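Below is one structure; the comments refer to it alone.
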Amino acid sequence: MMKIVTLDSLDAQSRVFLADMLDDSVLRASLFGGSGHISAWHAERIWSHSVDDETRWLVRCVESQRIVGGIGVVREEVRLFVRSDLQGQGYGRASLAALLQLRQTLGVWPNLSAWTVRENRAARLAFEAAQWRELGLRRQGGGLPTLVHYCSSLV
C-alpha cells in the first residue's frame, strides 16, 4: 500500500526544519554520495533562499502528520529528499505521486527531470515506480559519484 502524503507550503520555521534535516550526514550521503563540504554545498544549493519557495514544499505523511521530507521543482528539475530514518518506506514514491498530481492539476512543468546518485537505490526505485524514464548516466570528475538522469513527460 502506497503512503499518502501532502505537500505543504514552506514558511520560515519549516525552511529551518528542512535545513536541519539536510544536515544529517546519512541523508547527504544518500543524496550526494558522500559527506562533508561537497555534500553540504549541494544541500544548500538545492534548498537555498534564492530558490522560489512557491516551488518547494514540505512533504507530510497524512496518517501521522510527520514531516517526512521535502520536494521542489527548479527549472523543471525535481529536487527530492526523504528523512534518512524513513528512507525505503515509500515516501519518495508518494512524494513524486503528489508532485505529479499537482503538475496535472496546475498544467505546469511538462518535462520534469531529475538526477540522482547511481548508488541511491531508494531514489532510483521511487523514480522507476513512478514510471519515469532513465535517460542515461553522467560521470563526474573529482571523486564525485556517477549520476543517473530521469525524466517524466506530461501526458
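Only one of the numbered conditions (1) in a strand (DSSP E or B); (2) out of contact with any Cys (no Cβ under 7 Å at 6 or more places or on another chain); (3) crowded, with 18+ Cβ neighbours inside 10 Å is not met by residue 115, and that is (3).
Quick check on my filter: what residues within region 85-102 are part of a helix (DSSP H, G or I), surrounded by 18 or more Cβ atoms within 10 Å (Cβ to Cβ) and not hydrophobic (A, V, I, L, M, F, W, C)? Listed by number, the residues that qualify are 91, 92, 93, 95. Quick check: is even one residue across region 102-116 among the basic types (Lys, Arg), touching a residue at least 24 places away in the same chain (Cβ under 8 Å) and under 27 Å from residue 15 (Cβ atoms)? Yes, region 102-116 contains a residue that is among the basic types (Lys, Arg), touching a residue at least 24 places away in the same chain (Cβ under 8 Å) and under 27 Å from residue 15 (Cβ atoms).
Go through region 118-136 and count every residue that is surrounded by 12 or more Cβ atoms within 10 Å (Cβ to Cβ) and farther than 22 Å from residue 5 by Cα.
Result for region 118-136: 5.
Among the residues here, residue 136 does not qualify as on the phi > 0 side of the Ramachandran plot and either at pLDDT below 90 or in a loop (DSSP other than H, G, I, E, B) (or both).
The values are calculated or read from the model by the stated rules, or taken from the named source; none is laboratory data. Just so we're clear, the structure is a prediction, and the values are computed from it rather than from any experiment. Reconstructed Cβ throughout: ideal geometry from the backbone, glycine too, with neighbour counts over all protein chains shown.
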